[in-house]
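Below is one structure, written out as structure tokens; the observations come after it.
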Ligand code: FNR
């Protein structure tokens, strides 16, 4: 309650508190394409569902008479004390749900001092979002491009923007099979949405000039195999192209920019050895996002990575993949406290945060719920969603008999 009031300045709430109601209300205001993109998952969405179901397999076993009047929610991550073990997951193409997109989320995160992980597929360049956040904590999420120069440029920009860490997302070297989007013929990137980090990048712009000088390229023939490029080409006919966010490019370039983005944005051939390049180009801590196997976790520690985010991308990549929470204990065990293990995919409230921490996560990242807050009420909506999660977490912590994040342990949980 305290956090809630402090967070939103005591004004009356603008978003539903109950998760199901929040989702329902958000859907009403979204285009069918936005809803499909945000709420949808891969294939039959069995992993997306499993992410939530996995939390139901664990029950909190409270302890009583432990003086929980004073509680400390803070955690330290990479030398910075955070008000709570919570960050905002990187989520791309937020302008699908709100005009102010990343700017609104950045301001909301800053008002609560919760770190915002800037998406590589953001709707606003990181420089603009950073400027809107003052000196509040932010990280940058990277997709490894086919161009190492572009990778180096993103990292350099992230450093200049005051990011405290780089999150390398590894589960999306190719976009997952997402029937809801495919059925609607909707892929935001081909309308120029979610490529602002690219079109604002000096290296990308230089490559654009070299590879697609000036004029628009005609759409290439559609041929198998089915990959992002061919799907995009197939969908392009339906798209209302070019999107407004490419206005900063000179005429003729938007189509070329999208084509260039599609051919360059990711490198499926990426291997462990390539990570040295990243190490050599930044002094910031590097976390790997999308690690689910304990052997990968062990390898990451051996190679000197600074942290992991156990995640299956919200069930958007592999249908049938292990639920993120089910993967957490083995990864935690493999890491053995040597580096922080963060967690996302399925966190919907404060009790979920508690369970993930009890299973060994150092902190958790909130995903879809803050997008629903954004859709409903911009910055204010995001603030409320975060504040609600934190307030529920604080209450759960105390009611379970703990007074600090460090005090949460496996003994607080029972598997049913
Ligand atoms: C994502 N996610 C994501 N991850 C990432 O590293 N870079 C990105 O640009 C995106 N974009 C993105 C868009 C949308 C619409 C969603 C829903 C998710 C994955 C995100 O960081 C996080 O892993 C999931 O959202 C966690 O799942 P839940 O808790 O949101 O279901």
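No lab work stands behind these numbers, since they all come straight from the coordinates. Not measured: the values here are computed from a predicted model. Counting neighbours? That spans all protein chains shown, and the Cβs are built from the backbone with ideal geometry, glycine included.
The calculated FRET efficiency for the pair residue 209 and residue 283, based on their C-beta separation and a Förster distance of 30 Å, comes to about 0.45.
For the stretch 250-317, the Stokes-Einstein estimate of translational diffusion at 20 °C and a viscosity of 1.002 mPa s comes to 148 µm²/s, using the Kirkwood hydrodynamic radius over alpha-carbon pairs.
Decide, for the stretch 141-207, between rounded, prolate and oblate: order the square roots of the alpha carbon gyration tensor eigenvalues as a ≥ b ≥ c, take rounded if a/c falls under 1.5, and otherwise choose prolate if a/b is larger than b/c, else oblate. Prolate. Would you mind pulling out the separation of the Cα centroids of the stretch 275-351 and the stretch 124-139, in Å? With the stretch 275-351 and the stretch 124-139 each reduced to a Cα centre, they are spaced 24 Å.
Of all DSSP bridge pairs formed entirely within the chain, close to 20 percent run antiparallel. Compared with the dominant Cα axis of the chain, that is its longest principal axis, helix 19-29 is turned about 30°.
Summary of packing: across the peptides 20-29, 186-195, 287-296, the per-residue average of other C-beta atoms within 10 Å ranks them, highest first, as 186-195, 287-296, 20-29. Taking 200, 269, 111 in turn, the Gaussian network model of the chain (Cα-Cα springs below 10 Å) assigns the largest fluctuation to 269. Treating each Cα of the stretch 296-368 as one equal point scatterer and applying the Debye formula with no solvent, the log10 of I(q)/I(0) at q = 0.18, 0.22, 0.25, 0.27 Å⁻¹ comes out as -0.65, -0.94, -1.15, -1.26.
Each peptide in 306-319, 149-162, 333-346 receives the mean, over its residues, of other Cβ atoms within 10 Å, and ordering these scores from highest gives 306-319, 333-346, 149-162. When the Kirkwood hydrodynamic radius is evaluated over all pairs of different C-alpha atoms of the stretch 270-416, what value in angstrom, to one decimal, is obtained? By the Kirkwood definition, the hydrodynamic radius is 16.4 Å. Hey, what D do you get for the stretch 34-121 in µm²/s if you plug the Kirkwood alpha-carbon radius into Stokes-Einstein at 37 °C and 0.692 mPa s? Here the translational diffusion coefficient equals 198 µm²/s.
Taking a point 7 angstrom from the Cα of residue 336 along the C-beta vector, which residues in the stretch 263-302 have backbone N less than 15 Å away? Counting only backbone N, you get 294-302. Taking Rh as the Kirkwood radius computed over C-alpha pairs, what is the Stokes-Einstein D of the stretch 153-192 at 10 °C in a medium of viscosity 1.306 mPa s, expressed in µm² per second? So the translational diffusion coefficient is about 122 µm²/s. Classify the stretch 358-416 from the C-alpha gyration tensor, please: rounded if a/c falls under 1.5, else prolate or oblate depending on whether a/b exceeds b/c. Prolate, because a/c is 1.5 or more and a/b exceeds b/c.
Between residue 411 and residue 99, residue separation times 0.36 nm minus the direct Cα-Cα distance comes to 107.8 nm.
The helix-based estimate of mean residue ellipticity at 222 nm for the chain, built from -39,500 (n - 2.57) per DSSP H run of four or more residues and divided by its residue count, is -13000 deg cm²/dmol to the nearest 500. For the chain, take the longest principal axis of its alpha carbons; what is the angle in degrees between that and the long axis of helix 202-211, to the nearest 10 within 0 to 90? Approximately 30 degrees, to the nearest 10. Semi-axes of the equivalent ellipsoid of the chain are 35, 23, 21 Å, computed as sqrt(5λ) over the eigenvalues of the C-alpha gyration tensor in descending order.
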